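Visitor: Sending over a structure as C-alpha cells; questions will come in a sec.
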Amino acid sequence: MPTPASEPQGSFSYSDYLTWPDDERWEIIDGRAYNMTPAPSVRHQQTLGNIYVLLRHAFHGRGCFIGMAPTDVVLSEHDVVQPDLFVVCDRKKITERNIQGAPDMVVEVLSASTAKKDRWEKKLLYERSGVSEYLLLDPEGQFLERYVLEKDGRFDRGEILGPHETMVLKFMEGISIPLQEVFGPVA
C-alpha cells in the first residue's frame, strides 16, 4: 500500500488515503499528498474556536452543518482536504465518515507553514470545486480575506476586512460576524 512517507510524490487517490495510518494527518490536492503536521499554534486554535462558536450560533435553526478539522472533505478521488472549518447546507453531502462534495463555505486559519498552500493550491481547488465562499483568517495580522464564487464559476478578486469590521456572509442572508469577536480572546 503506498503511503506518502514511503513513496515519491505521485498521484495519490482517496483509495490510497484510506490505507494510511490513522495517527497521521494528510491532505491530497491534485493527487499530491500534504503532511498536516506540526499541530497548529494556540493563537490559531483560539481564532478557530471563536469563529466556530460564532458561526454555530449564527446558523442555529438553519439546517446547516458546521464542521471542523480533522473532518475529511472529499472533493474528488484526487482531492481530499481537512479545512479548519466549513459549512455544509446540503445534508446529502454529509455521510457518517466524511463530507462528499464542496461545502458552501470554507474557513482556513493562516499559519506560517500553511499560508502559501491555503492562498494558492487550496484557493484554486475550492474555486473549481464550487465552494461559494472562501475565508482566510490571519490571527497574527488580525484580518480576514474573503473570496466569493461568481456566476462564471470563478472567485471574485477578494476583499480584506479588518478586526473592527463586521463580515456579512454572501452565500447565506442574514448572517453577520463581528471580526473583533473572531480575533479577540476565546469566546
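Visitor: For segment 123-131, just list the computed ³J(HN,Hα) in residue order, Karplus coefficients 6.51, -1.76 and 1.60, θ = phi - 60°, integers in Hz, with x standing in for Gly and Pro.
Guide: 4, 5, 4, 5, 4, 5, 7, x, 5
Visitor: For segment 40-183, what class follows from the C-alpha gyration tensor (a ≥ b ≥ c being the square roots of its eigenvalues): rounded when a/c is under 1.5, otherwise prolate if a/b is larger than b/c, else oblate?
Guide: rounded
Visitor: Tally the DSSP beta bridges in the chain and give the antiparallel ones as a percent, rounded to 5.
Guide: Looking only at bridges with both residues in the chain, the antiparallel portion is about 80 percent.
Visitor: Ok, one more. Considering the chain as a Gaussian network with a 10 Å cut-off on Cα pairs, which listed residue, P38, P139, P163, attains the greatest mean-square fluctuation?
Guide: P38
Visitor: Still on this structure: Rounded to the nearest 500, what is the chain's calculated 222 nm mean residue ellipticity when only DSSP H runs of at least 4 contribute -39500 (n - 2.57) each, over all residues?
Guide: -5500 deg cm²/dmol
Visitor: Let me ask you something else. What angle do you read, to the nearest 10 degrees and between 0 and 90, between the alpha-carbon axis of helix 42-58 and the longest principal axis of the chain?
Guide: Helix 42-58 and the main axis of the chain meet at about 60 degrees.
Visitor: With θ set to phi - 60° and the Karplus curve 6.51 cos²θ - 1.76 cosθ + 1.60, what are the ³J(HN,Hα) couplings of segment 169-174 in order, to the nearest whole Hz, using x for Gly and Pro?
Guide: Once θ is set to phi - 60°, the couplings for segment 169-174 become 4, 8, 7, 9, 5, x Hz.
Laboratory data are not the source of any read-out in this text; all were calculated from the coordinates shown. Keep in mind it's a predicted model, so treat the numbers as computed, not measured.
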